[in-house]
Structure formats: C-alpha cells, structure tokens
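Following: one structure in structure tokens, then a few remarks.
The values are calculated or read from the model by the stated rules, or taken from the named source; none is laboratory data. In this text, all values refer to a predicted model and were calculated from it rather than measured experimentally. Note that each Cβ is placed from the backbone with ideal geometry, even for glycine, and that neighbours are counted across all protein chains shown.
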C-alpha cells in the first residue's frame, strides 16, 4: 500500500489489450481515454473497395468535435488508420471494437480535447 492519499489503482484508463477500460476511445500516444458521441454506423462492406475510403473520410469530415461513428469493414483497416494519421492530424481518434474474420468494427472520431494530445510522440504505437 502507498502513502496516505495516494491512489491504490493505476492512473491509466487502458486495459491489458491497450483499449480503454471504460469503453471510451483512447487518445493516441497516451494512457488517457475520452468519451465520443457516436452519431452513426458506417457499413462499407457493400461498397466497392475503391469507393470506401472516400465514404469514410466524408463521414469523418461531417463530424463535430467530440463525435464519432462506428466503421464496419470486412477486413482489418490498418492502411486506413495510417491515412487518418497522415491526413487528419492530432484530432482523430481510433478504437477497435471488434476484430473477427469478415467483420471489423472501429470507432473513429474527432477529439474535443484539443490538438495538444496529438499522435506525434516518440513512443507512439498504433493500436494494433
């Protein structure tokens, strides 16, 4: 046990798999999580692959700060994560919800915390 007044539990919101223990979205490069208001589910499985990224980025651009949507895809969208990291900057949020053959669910959103929590940290690891 620590000194009086110290917390006896970890300060991190992360579980053993690196996700948020509270069901929120992890701030990339951090052990902090934040709440997003989920506005929609976007199932891109019925669209041709060449059209998917365009639809996903259109949905992302329509979000307000603090909002997100759930992307449903038939494969792991790792390349999309890297595209978001390059194009959307520090405000984007990404959290896997489900990883099964034929169905991947990812919560994608815009931070309402601000750009100071960005992804450009030396020890940053992608969430996969």
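Candidates 47, 84: the one that is modelled with pLDDT of 90 or more and more than 19 Å from residue 110 (Cα to Cα) is 47. A single member of 96, 60 is buried (at least 18 other Cβ atoms within 10 Å of the Cβ) and at pLDDT below 95, and it is 96. In the range 65-77, of all residues being modelled with pLDDT under 95 and not in a loop (DSSP other than H, G, I, E, B), the one that is surrounded by the fewest Cβ atoms within 10 Å (Cβ to Cβ) corresponds to 67. Within the range 4-12, can one find any residue that is more than 20 Å from residue 111 (Cβ to Cβ) and modelled with pLDDT of 95 or more? No, the range 4-12 contains no residue that is more than 20 Å from residue 111 (Cβ to Cβ) and modelled with pLDDT of 95 or more.
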